[in-house]
């Protein structure tokens, strides 16, 4: 099965990875993994006055900051994975990647704010669930 893991480097990502590692049915060479990190885009005004190569370096550095420890996790587990970092809005980017890549499962951590917190702040997980046609496993 093709599995997309959406990560943000937070403690919720670590909890999600621990859950995946603890459940043999989700971890193993029989699956094909892609790890996706969405880097929030720079404000358009800031990007307009910043040299293009500096903006690109920012996106690369932010992506690598989050993906580096996750690469180590996969190496320790003896698993191969593709690591992808993209600038954009997290929820639509994750949903689009899951559907375009024809993944069988999307796994992501959730902050677990509850319905009142989601109403006030919104939630990447809630937005992904609403937009994504791929099955989603949320780990809280």
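Some points to look at:
- Residues of the range 82-110 that turn out to be in a strand (DSSP E or B), surrounded by fewer than 19 Cβ atoms within 10 Å (Cβ to Cβ) and touching a helix residue (DSSP H, G or I) at 6+ places or on another chain (Cβ under 7 Å), as a count: 2
- Conditions (1) assigned to a helix (DSSP H, G or I); (2) at pLDDT below 95; (3) over 30 Å from residue 23 (Cα atoms): number failed by residue 127: (3)
- Among the residues of the range 7-39, those that are within 16 Å of the chain's Cα centre (by Cα) and part of a helix (DSSP H, G or I) comprise 11, 12, 13, 14, 15, 16, 17, 18, 19, 20.
- Residue under evaluation residue 25, criteria (1) without any contact (Cβ under 8 Å) to a residue 60 or more places away in the chain; (2) within 24 Å of residue 102 (Cβ to Cβ); (3) touching a strand residue (DSSP E or B) at 6+ places or on another chain (Cβ under 9 Å), criterion not met: (3)
The values are calculated or read from the model by the stated rules, or taken from the named source; none is laboratory data. The model shown is predicted, which means the values in this text are computed figures rather than measured ones. Cβ sites come from the backbone with ideal geometry, for glycine too, and all protein chains shown count toward neighbours.
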